[in-house]
Amino acid sequence: MSDPFVQPDGLLILHHLKVQNANAISSPLTWGFPSPTALLGFVHALERRLAAAFNVSFSGVGIVCHAFEAQTFQPNRRQHRVFTQTRNPVYLKRDAAKFIAEGTPAAIVEEGRAHLEVSLVISVQGYFEEALQEQAFADAAYDAALGMRIAGGSVLPASGARGSRPEWVSWPVVAEDRRKTFARLRRRLLPGFALVHRPDLLGERMNSLRETDARTTALDALLDLTRLNYTPTQPADGTPLEDGKVEWLTEKRPGWLVPLPIGYAGISQLYGPGEVGSARDDATPFRFVESLYSLGQWIGPHRLNQLDQLLWHSSAKPEAGLYRCVNRYADLIEAPSALPTEPESTTLQGA
C-alpha cells in the first residue's frame, strides 16, 4: 500500500461496518475518531489475509464515518466530559469475598473507547474473470473483517440491511467513465462524512499568524484552527461602548476541521532486527518514534470530485525517519485532473 498514484482495477467497498469499543485516544494530544493509521493498519492486515487466495493487492483506503458515539459522561452536570471506565478483569466468585473484606476494589484500566459506524472504500489491484468471483472476493473480505479488529474495536455483523452488503466496483479505464462511476459511488456513501487531509489550511493559518508574531509555530496554528475563538468588537449598529461592554463574535471556521495524527517520525536511529530487546519480533528493523500531527477535515462525499481525493495511502521514508498517511484532497481542489507528485504536507511532531 505504498504507491499513492496507481489507478486501481476495482474498489472493494465495506459498507457500514459497526465497530464496538474502538480506541478513541489515537495520540498523546488528541482523542475522538481513530486516526488514519489505524484504518490503514486494518486494511494492510486484511490484504495479508486475502492476497494469496485471490492474487490481489491494496493501494489505498477511503474513510467515511456514518455514526460516532464516544463512551463519555459529564460528572455532576459539569461542562467537561470524562471517559467511561470499567474494572477489568472482574472478580472471580471465589475471590470476591476476600477483596470485599480487605476493602480493595479491582483496578480500573484507564482507556478511551467509542462506538462507530464506518464505510471503507479500498483500492484494489487484481483481476477477476467473472462477476461471481468478484462477489466471492467481496464476501470473503467481509467475513475476514468480522474476525478482525479496527482500532482495537470489535467488528459487529450487519443488521441485515441490504445496503450493508460488501460490494465490488470495477474501475473503468476511460476518464469519463471513471467520473460517472465515482458520482454513483459517492451517493452510496451518504449520509456520512469523508475524512480528508488539509495541510493547505494549516499552512495558510500559520503564515497569517506569523504576520503578528514571527515566533508562531505549526502547533499554534493547529490549536488556533481547531478551537472556538471569540473576538471582541464594537457593536454593529455603531452605538458607543458603555461601561466597557463589547460584542463578542465567534470566528467562523472554513469547514469541520479536526486535529489529526497522520503518522510517526523517528526519534532514534533505525536498529537492525533483534538489536532492541522486548521488541514485537526479531525479524523486523526497529525505530523509536513519536506522533506526527496535521489538520483534517470532515466533508460530505458529494463534494468530492474524484477518487484520489478520498483515498488515504501509506508513505514510508526510512532514510528521513518519516512514516505518514497521505491524502491528496488539498492538491486536487483547484485542478481536479492534475496528477502532481507526492506532496510534502504541513505536519508537526509531538512527544
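All conditions in (1) surrounded by 15 or more Cβ atoms within 10 Å (Cβ to Cβ); (2) in contact with a strand residue (DSSP E or B) (Cβ under 8 Å, 6 or more places away or on another chain) hold for Leu50, with the sole exception of (2).
Check the range 129-150 and report whether any residue there is on the phi < 0 side of the Ramachandran plot, modelled with pLDDT under 90 and part of a loop (DSSP other than H, G, I, E, B). The answer is yes; a qualifying residue exists.
Residues are listed down the side, and each one gets a yes or a no for (1) touching a residue at least 12 places away in the same chain (Cβ under 8 Å); (2) outside the structural domain of Arg178 (by TED's automatic domain parsing); (3) under 30 Å from Arg188 (Cβ atoms):
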site	(1), (2), (3)
Glu247	yes, yes, no
Ile262	yes, yes, yes
Leu295	yes, yes, yes
Ser314	yes, yes, yes
Glu319	no, yes, no
Val326	yes, yes, yes
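One residue alone among Phe83, Phe42 is modelled with pLDDT of 90 or more and among the hydrophobic types (A, V, I, L, M, F, W, C), and that residue is Phe42. Do we find that Leu39 is surrounded by fewer than 18 Cβ atoms within 10 Å (Cβ to Cβ) and of a type in the set (A, V, I, L, M) in this structure? Against the criterion (surrounded by fewer than 18 Cβ atoms within 10 Å (Cβ to Cβ) and of a type in the set (A, V, I, L, M)), Leu39 does not qualify.
Tallying residues that are over 22 Å from Glu69 (Cα atoms) and touching a Phe, Trp or Tyr at 6+ places or on another chain (Cβ under 9 Å) within the range 5-52 yields 13. When Gly263 is tested against the conditions (1) touching a helix residue (DSSP H, G or I) at 6+ places or on another chain (Cβ under 7 Å); (2) farther than 14 Å from Ser27 by Cα, the lone failure is (2).
The values are calculated or read from the model by the stated rules, or taken from the named source; none is laboratory data. Only a predicted model underlies this, so the values are computations on that prediction, with no experimental measurement involved. Note that we place each Cβ from the backbone using ideal geometry, even for glycine, and neighbour counts take in every protein chain shown.
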